[in-house]
1. For the range 269-278, give me each residue that is more than 16 Å from residue 241 (Cα to Cα) and either among the acidic types (Asp, Glu) or open to solvent by 30 Å² or more (accessible area, probe 1.4 Å) (or both).
2. Would you confirm, using the coordinates I've provided, whether residue 293 is over 26 Å from the mean Cα position of the chain (by Cα) and surrounded by 13 or more Cβ atoms within 10 Å (Cβ to Cβ)?
3. Taking the range 300-328 only, how many residues are touching a helix residue (DSSP H, G or I) at 6+ places or on another chain (Cβ under 6 Å) and surrounded by fewer than 16 Cβ atoms within 10 Å (Cβ to Cβ)?
4. Looking only at strands (runs of 3 or more DSSP E) that lie completely in the range 149-251, which have at least 2 residues being over 30 Å from residue 318 (Cβ atoms)?
5. So which residues in the range 16-58 are open to solvent by less than 30 Å² (accessible area, probe 1.4 Å), of a type outside the set (A, V, I, L, M, F, W, C) and touching a strand residue (DSSP E or B) at 6+ places or on another chain (Cβ under 9 Å), if there are any at all?
6. Might you check whether a residue that is touching a Cys at 6+ places or on another chain (Cβ under 9 Å) and among the small types (Gly, Ala, Ser) occurs anywhere in the range 33-44?
7. Does the range 59-73 hold any residues that are open to solvent by 20 Å² or more (accessible area, probe 1.4 Å) and among the β-branched types (Val, Ile, Thr), and which are they?
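The values are calculated or read from the model by the stated rules, or taken from the named source; none is laboratory data. These figures come from a predicted structure and were not determined experimentally. Positions of Cβ are backbone-derived with ideal geometry, glycine not excepted, and every protein chain shown enters the neighbour counts. For accessibility, only protein heavy atoms count, side chains too; no ligands or nucleic acids. Shrake-Rupley method; radii C 1.70, N 1.55, O 1.52, S 1.80 Å.
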Amino acid sequence: MNFSKGALKRYKIIDGLIKNPYRKYPTLDQILDKCNEILDADFSLETISKDLRHMRGSFPDGFEAPIKYCHTNKGYYYTDPDYSFSGVSLRPQELDAIEEAVEIIRALGGSRISDNFNHAVEKLLSASLETEQSEEGRLPVLQLMTPPISRGFEHFDLFYKACKERIPVSFIHFSYKKRAYKHIILHPFLVKEFENRWYVIGFSENHDSIRTFGLDRISEPVNIRKKFIKPDLIQTKAYLNDVYGVFPVPEAKKETIEIHVSELGTHYLQAYPLHTSQRIEKYNEGTSLITFELIPSIELARYFLSQGRHVTILQPTWFRKFTQDLSE
């Protein structure tokens, strides 16, 4: 539906007049007078007549309001007394759309869905206000952190649907390291965002194992008719819960990772935990021993490297060496 705010306000007034049990069957003139009075405007009878037609209109262009004109009482009424413009029931396709949106919000916000949803609404409202300011030729007074849309995001809908409906996908993958293209058949089960980049995870027929592919390296994805290979439940849960990032170290298993952290680094990780399994044991001098229960990943190793002298990997020793080799 595409209505102006003014039209929606009139629709609500019309609905209230028709539903008024003390003054039934409002006339066109009465509706016009009430709209002009409440909204402090000067609408015409033609405008109100169009409003009634739009309210009667079928979905998605109208609200399917059962408005009829009673010749006996010379006014308008609802043929369904239980109908209310403010309480229009949602159709199945609308409920599906809302459920998908909520699913995405949960993925973005975890258990703090209401906090993150409110924050998203705040950003939308503030962005709208800032657009109005810009249109008036004023200098901006607000700037939001908006990362640029990454290459490959145009495939998001396809892979999201493929994961949800269990549809295998065929695509061309470009390896930055090998500088070569390869045809991949993937049975995807998860679309994941990490540090403003998007990835799809699934069972790769080419590798005979679960693999991760960046959407920025994918081209020409198409759904294919083929029996979907269900992912191993344990491996799927591991990708969902036990990996920091998207690329686990090959053959790595979940284990305890211990790091020694400087006083400054401790303050930062207290404020911004890397993972729900994070545990901090502080020493008297302000430094700390921090442990995680994770599958070691390339992203975790790179994060530790980025902290420089503030983080020293203690255990496991193989992961400490793996991280050191990445820096060379």
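1. Going through the range 269-278, the residues more than 16 Å from residue 241 (Cα to Cα) turn out to be 269-272.
If the condition is that a residue be more than 16 Å from residue 241 (Cα to Cα) and either among the acidic types (Asp, Glu) or open to solvent by 30 Å² or more (accessible area, probe 1.4 Å) (or both), then 270, 271, 272 are the ones that fit.
2. On the way: over 26 Å from the mean Cα position of the chain (by Cα): yes; surrounded by 13 or more Cβ atoms within 10 Å (Cβ to Cβ): yes.
Yes: the conditions hold for residue 293.
3. Of the residues in that region, 3 qualify.
4. On the way: elements: 169-175, 180-194, 197-204, 209-214, 218-223.
Filter on the range 149-251 gives 169-175, 180-194, 218-223.
5. Hit for the range 16-58 is 26, nothing else.
6. yes
7. 72
One line per residue, one yes/no per condition, for (1) surrounded by 15 or more Cβ atoms within 10 Å (Cβ to Cβ); (2) closer than 18 Å to residue 165 by Cβ; (3) without any contact (Cβ under 8 Å) to a residue 12 or more places away in the chain; (4) out of contact with any Lys or Arg (no Cβ under 6 Å at 6 or more places or on another chain):
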site: 185; (1), (2), (3), (4): yes, yes, no, yes
site: 199; (1), (2), (3), (4): yes, no, no, no
site: 204; (1), (2), (3), (4): yes, no, no, no
site: 210; (1), (2), (3), (4): yes, no, no, yes
site: 220; (1), (2), (3), (4): no, no, no, yes
site: 229; (1), (2), (3), (4): yes, yes, no, yes
site: 234; (1), (2), (3), (4): no, no, yes, yes
site: 237; (1), (2), (3), (4): no, no, yes, yes
site: 240; (1), (2), (3), (4): no, no, no, yes
